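Student: Handing you this structure, nothing more for now.
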Amino acid sequence: MSLRVGALCAGYGGLELGLQLAGIDTDLKWVSETDEGCSRVLANHWPTTLHLGDLTEISDPPQVDAVTAGWPCQPVSTAATTRNRRLGMNDERWLIRDVVRIANAAHAQWIFLENVYGLLSANQGFAFGEVLAALAEGGFDAKWACIRADQSVGACHRRQRWFAVAHVADTPSAEWRIPQHDAVGASVEQTAEPGECHRPSAWGRFEPRIRRWETVMGRPAPAPIDDGKLSSLWCEWAMGLASGWVTDHGLSRAQELKILGNGCMPQQAAAGYRHLIGKKK
C-alpha cells in the first residue's frame, strides 16, 4: 500500500524523489507551490496531481498519510545574500506553523521536513525551538539530523541540510512503519563514461569530487559554464537530478538557477530519511 503524500513548498519535487530513492512507496496526491517556474516543472512531471496553490490559503486539503515540506530557508539561511536580513521567526516566510496546521487538517500521520543548517542558530536558537514547539503542539513527535551531501552520498558539493521525520505522538517506535519498496536510482556501483565536455584537468582541485559524482550519477558532468555564465545543466547534474528534470520546460536560465538553488537534493534527502527511520540501503 502506497503512502499518500501531500507536498508543501514542493519546489521541483526533490523531497518526493528522495522518499522514492529511500525505498518508500509514495503516491503524490497534491502539491502546493507559489513559484510559477516550479509549478510548471511539477505539472510536467506529475500532470494529474492536484495543485492547491499558496499554502497560507489552504484550509481543507484532501486527506493524506504524509506531508512533505522544505519550507522557505531564506528566514534562517546564513548565505551571503540573506545573512544581513536573517529575520527567522519574524520573517513572513516563516511557515512552519502553517505546515503543521495543514498536516493536521489533512489527517497526516507523518511529516517529512527539510531546511538549511542555519535553522539551528537563527534567533539565537529560538527559531529551532519554534519548529519543535509547532510539531509538539500539533501532536507530533520528531527525529532530526543534519546531513552533508558530500559525506552522505558522495556529492561534489558540501550542502549541509537539516532533515526531520515527525509522526503522531505516543506511537511506539516499533509502529513507525512506512510502505517500502526496493530503492531505485543512481547507485555508487554505477560507472560513468569519461566526460567529453571538458578537458581532464579543467576542474583543478575539484577533479576528484567531480569524478566521484560522475560515478554516482552514471553520466559525465556537463560543462559548468555556458556562454560565459553558470550553466543550469551543470547545476541540475550537481543536484543529482535526471537530465532535463528542470531544464527541459521552456524556463529562462535565471528561473532554472533559482529553482535549482532552492531545491532539495533527492539522494541527500533519501540518506537523511533512511537514517531517521532506520532503513538500510
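Laboratory data are not the source of any read-out in this text; all were calculated from the coordinates shown. Note that this is a predicted model, so its numbers are computed, not measured. Here the Cβ positions follow ideal geometry from the backbone for every residue, glycine too, while neighbour counts run over all protein chains shown.
Student: Which of Y117, Y12, Y273 comes first, and how do the rest follow, when ranked by fewest Cβ neighbours within 10 Å?
Tutor: Placing the least packed residue first, the sequence is Y117, Y273, Y12.
Student: Around E33, under 14 Å between beta carbons, what's the net of Lys plus Arg minus Asp minus Glu among the other residues? Don't skip to the end; give the middle numbers.
Tutor: Numbers: positive: R40, R93, K258; negative: E16, D35, E36, D54, E57, D98.
Once all neighbours under 14 Å are counted, the net charge is -3.
Student: Additional query: Between H107 and T56, how high is the FRET efficiency from 1/(1 + (r/R0)^6) when r is the Cβ-Cβ distance and R₀ = 22 Å? Nearest 0.05. All intermediate terms of the calculation are to be shown ahead of the outcome.
Tutor: Working: r = 20 Å, r/R0 = 0.90.
FRET efficiency, H107 to T56: 0.65.
Student: Taking K229 as the anchor, which aspartates and glutamates have their alpha carbon closer than 14 Å to its alpha carbon, excluding any fewer than eight residues away along the same chain?
Tutor: Candidates past the 8-residue exclusion: E256.
Student: Sticking with this structure for a sec: Length gain on complete extension for the stretch T48 to S243, per 0.36 nm per residue less the alpha carbon to alpha carbon distance?
Tutor: Values: separation 195, 0.36 × 195 = 70.20 nm, distance 2.20 nm.
Taking T48 through S243 to full extension adds about 68.0 nm, to one decimal.
Student: OK, next. Could you check the spin-label model distance between T78 and F206? Points 7 Å from the Cα along Cα→Cβ, value in nm.
Tutor: Distance between the two pseudo-spin positions: 2.1 nm.
Student: Okay, moving on. Below 13 angstrom from the Cβ of L52, what's the summed charge of the other residues (Lys, Arg +1; Asp, Glu -1)?
Tutor: In short, -4.
Student: Return the sequence-ordered ³J(HN,Hα) values of the stretch 56-64 in whole Hz as given by the Karplus equation 6.51 cos²θ - 1.76 cosθ + 1.60 applied to θ = phi - 60°, using x for Gly and Pro.
Tutor: Computed from phi, the couplings for the stretch 56-64 are 5, 9, 7, 10, 9, x, x, 5, 9 Hz.
Student: Between A136 and S2, what is 0.36 nm times their sequence separation minus the Cα-Cα distance? Round to one decimal in nm.
Tutor: On the way: separation 134, 0.36 × 134 = 48.24 nm, distance 2.62 nm.
Contour length minus the Cα-Cα distance gives 45.6 nm.
Student: Tell me, M239, M265 in order of fewest to most beta-carbon neighbours within 10 Å?
Tutor: Numbers: M239 24, M265 27.
Lowest count first: M239, M265.
Student: Got a sec? How would T48, T26 order by Cβ neighbour count within 10 Å, fewest to most? The partial results should precede the final answer.
Tutor: Values: T48 6, T26 21.
Ranking T48, T26 by Cβ neighbours within 10 Å, fewest first, gives T48, T26.
Student: In the neighborhood of A106, defined by Cβ-to-Cβ distances under 11 Å, what is the net charge if each Lys or Arg adds +1 and each Asp or Glu adds -1? Kindly include the intermediate steps, with their values, before the conclusion.
Tutor: On the way: positive: R4, K29, R101; negative: D60, D65.
With Lys, Arg at +1 and Asp, Glu at -1, the neighbours total +1.
Student: In nm, what is the difference between 0.36 nm times the number of residues separating L87 and Q63 and their Cα-Cα distance?
Tutor: This chain segment gains 5.3 nm when fully extended.
Student: Okay, next question. Could you check the simple spin-label distance between H157 and D170, using points 7 Å along Cα→Cβ, in nm with one decimal?
Tutor: 4.4 nm
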